[in-house]
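Each value in this text was obtained by applying a stated rule to the coordinates, not by laboratory testing. In this text the structure is predicted, and so the values were computed from the model without any measurement. As a convention, Cβ positions derive from the backbone with ideal geometry for all residues, glycine included, and neighbour counts pool all protein chains shown.
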Amino acid sequence: MDFVLWVCRVMHVVAAVVWVGGLIFMNAVMNPVLEHANETRSDATLAVQKRFFGFVWMSLWTMAATGILMMLLSPQFRWFDLSSPWQKLLAVKELSFLVMAFFSWQAKKVFEQMERSSSREDDSFDGWRLAYRKLLRRTVAVALIAFLSAAAMVVYENPFG
């Protein structure tokens, strides 16, 4: 059982790093460079961003499956019980995950509008791109809340020993 828990934790962390690390890279590195080079509408730029959504969904499903398994294997987990700090932090982490998934779904829809407006070469592209960037940044902000909750959960995981 310890091996299963260890594998779940590793896969959970790797999926989080891929998802959130990719978002941070896109926000902090790729988008500023593309804006400086006036390449935000290029086919290569759109292809890279489109390809990243596959990694987002793969990470999302991996995190959901491993998170549920780790939650069910935890001796501190009890359904609908928020009496301990660990359980409250778990609820914050779960809510954060759901908000991140919703923002990623919205970002996918906004990106599809970006692609359409880019192919028509109309003026709405910049508005869609701005909305897309805001969604990516919001996802990163919520991810930070989830990371802090996970770190705090470790503190409360075994308070007596």
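For the stretch 40-134, the Cβ-based charge dipole about the Cα centre amounts to some 180 debye (Lys, Arg positive; Asp, Glu negative; other atoms uncharged). Using a Gaussian network model of the chain in which every pair of alpha carbons under 10 angstrom is joined by a spring, one finds that among Glu115, Glu39, Glu94 the greatest mean-square fluctuation is at Glu39. Legend: calculated FRET efficiency, Ser42 to Gln106, from the Cβ-Cβ distance at R0 = 22 Å, rounded to 0.05, equals 0.40. A Förster radius of 25 Å combined with the Cβ-Cβ distance from Lys50 to Ser74 puts the calculated FRET efficiency at roughly 0.10. If you average the C-alpha positions of the stretch 32-94 and of the stretch 111-152 separately, how far apart do those two centres end up, in angstrom? Between the Cα centres of the stretch 32-94 and the stretch 111-152 lies a distance of 14 Å.
Total lysine pairs in the chain at Cα distances under 25 Å, for residues eight or more apart or on different chains: 8. A simple packing score, the average count of other Cβ atoms within 10 Å per residue, orders the peptides 84-93, 42-51 as 84-93, 42-51, with the highest score first.
Taking the Cα centre of the chain as origin and assigning +1 to Lys and Arg Cβ atoms and -1 to Asp and Glu Cβ atoms, the resulting dipole is close to 180 debye.
Rounded to the nearest 20 debye, the dipole magnitude of the stretch 85-161 is 140 debye, with +1 charges on Lys and Arg beta carbons, -1 on Asp and Glu beta carbons, and the Cα centre as origin.
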